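Undergrad: One structure, pasted below without further comment.
The values are calculated or read from the model by the stated rules, or taken from the named source; none is laboratory data. Everything quoted here is computed from the prediction, not taken from an experiment. Virtual Cβ from ideal backbone geometry, glycine too; neighbours counted across all protein chains shown.
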Amino acid sequence: MVAVHGGGRALASSPLTNNNPWSGSRELFRVTDRTRPSPEAPSLRTDRLILRQPRPGDELSLTAIRNLPRVLAALNKTELTVDAMRASLEEVPAKAESAVEYSAVIEIAATGAVIGMVRLESVHPTGTASLTVWIGHDQRERGCGMEACREMVRWGFEELQLETLFADVIGTNGAARSLVRRLGFEQVSTEQRGAQQVTTFHLRRQAWAATMSLGR
């Protein structure tokens, strides 16, 4: 599910060193059923942001952001406790090692402030995954959501060699719809899931590559 966003464009990116204190011995690549290399949880940098693995203490900022009413509504989730968030963050390396989910904490490079999370989840051996992002309200209009998503999409297509990314937008979340469309996603379906209407968008690697070749 895509929660919130801002405008802007990610510029040049570069990998950062992986210093996750929750991980054991570092494994650079893991071969999946797709017989392609699958990197561990991403550590990336854009023009303004660092997308990194979780560190002890992140759970405090992330719980506060994740429990904002508008984020809860966008994700169609209930509130998390700090302990539950901590447990979830501790699972990030194992999920990446198993090649089923890749998550990154979004941090402002200049200040070190933690402002949200972005992830590729439900990663399937056929080359599909779902994009999810949630971010603090004060960062939405600064383009940080868009910048983080652009880099995660790039990483998914280039490093994981994914073929198609999906994104679900719950209800009438105009900010999320704008975000996925600006990323190049196209609407494919709308359905009722319980009490919520969910619109699904997708982005194929070929279409993304064509857009990148035009410098957008």
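Undergrad: Out of region 42-72, which residues are out of contact with any Asp or Glu (no Cβ under 8 Å at 6 or more places or on another chain) and of a type in the set (A, V, I, L, M, F, W, C)?
TA: LEU60, LEU62, ALA64, ILE65, LEU68, VAL71
Undergrad: On to the next question. Taking the criterion of being out of contact with any Gly (no Cβ under 9 Å at 6 or more places or on another chain) and part of a helix (DSSP H, G or I), would at least one residue in region 134-147 satisfy it?
TA: yes
Undergrad: Could you check how many residues of region 39-82 are free of Cβ contacts under 8 Å to residues at least 24 places away in the same chain and assigned to a helix (DSSP H, G or I)?
TA: Total meeting the criteria: 6.
Undergrad: Residues in region 199-216 that are aliphatic (A, V, I, L, M), at pLDDT 90 or above and surrounded by fewer than 19 Cβ atoms within 10 Å (Cβ to Cβ): how many?
TA: Number satisfying all stated conditions: 3.
Undergrad: For region 62-69, indicate whether the set of residues that are at pLDDT 95 or above and more than 27 Å from GLY171 (Cβ to Cβ) is non-empty.
TA: No, every residue in region 62-69 fails to be at pLDDT 95 or above and more than 27 Å from GLY171 (Cβ to Cβ).
Undergrad: Count, please, the residues in region 108-122 that happen to be surrounded by fewer than 20 Cβ atoms within 10 Å (Cβ to Cβ) and under 19 Å from SER61 (Cβ atoms).
TA: Residues that pass the stated criteria total 6.
Undergrad: In region 179-216, how many are among the hydroxyl-bearing types (Ser, Thr, Tyr) and touching a helix residue (DSSP H, G or I) at 6+ places or on another chain (Cβ under 9 Å)?
TA: 1
Undergrad: Further question on the same structure: Say we look at region 96-107 and pick out the residues that are out of contact with any Phe, Trp or Tyr (no Cβ under 7 Å at 6 or more places or on another chain) and modelled with pLDDT under 95; which of these is surrounded by the most Cβ atoms within 10 Å (Cβ to Cβ)?
TA: The extreme case among them is ALA99.
Undergrad: Something else now. Just to be sure, is ARG52 buried (at least 21 other Cβ atoms within 10 Å of the Cβ), at pLDDT 90 or above, within 22 Å of GLU147 (Cα to Cα) and not hydroxyl-bearing (Ser, Thr, Tyr)?
TA: yes
Listed here are the residues, each with its yes/no results for (1) in contact (Cβ under 8 Å) with a residue 40 or more places away in the chain; (2) touching a His at 6+ places or on another chain (Cβ under 9 Å); (3) within 13 Å of THR200 (Cα to Cα); (4) surrounded by fewer than 22 Cβ atoms within 10 Å (Cβ to Cβ).
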| position | (1), (2), (3), (4) |
| --- | --- |
| HIS124 | no, no, no, yes |
| ARG142 | yes, no, no, yes |
| MET146 | yes, yes, no, no |
| GLU151 | yes, no, no, no |
| ARG154 | yes, no, no, yes |
| GLU159 | yes, no, no, yes |
| ARG177 | no, no, yes, yes |
| ARG181 | no, no, yes, yes |
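Undergrad: State all residues of region 183-198 that are loosely packed, with under 12 Cβ neighbours inside 10 Å and among the hydrophobic types (A, V, I, L, M, F, W, C); if no residue qualifies, say none.
TA: Result: VAL188, ALA195.
Undergrad: Looking only at region 161-175, which residues are of a type in the set (S, T, N, Q), exposed (fewer than 14 other Cβ atoms within 10 Å of the Cβ) and closer than 24 Å to ILE115 by Cα?
TA: The one that is of a type in the set (S, T, N, Q), exposed (fewer than 14 other Cβ atoms within 10 Å of the Cβ) and closer than 24 Å to ILE115 by Cα: THR172.
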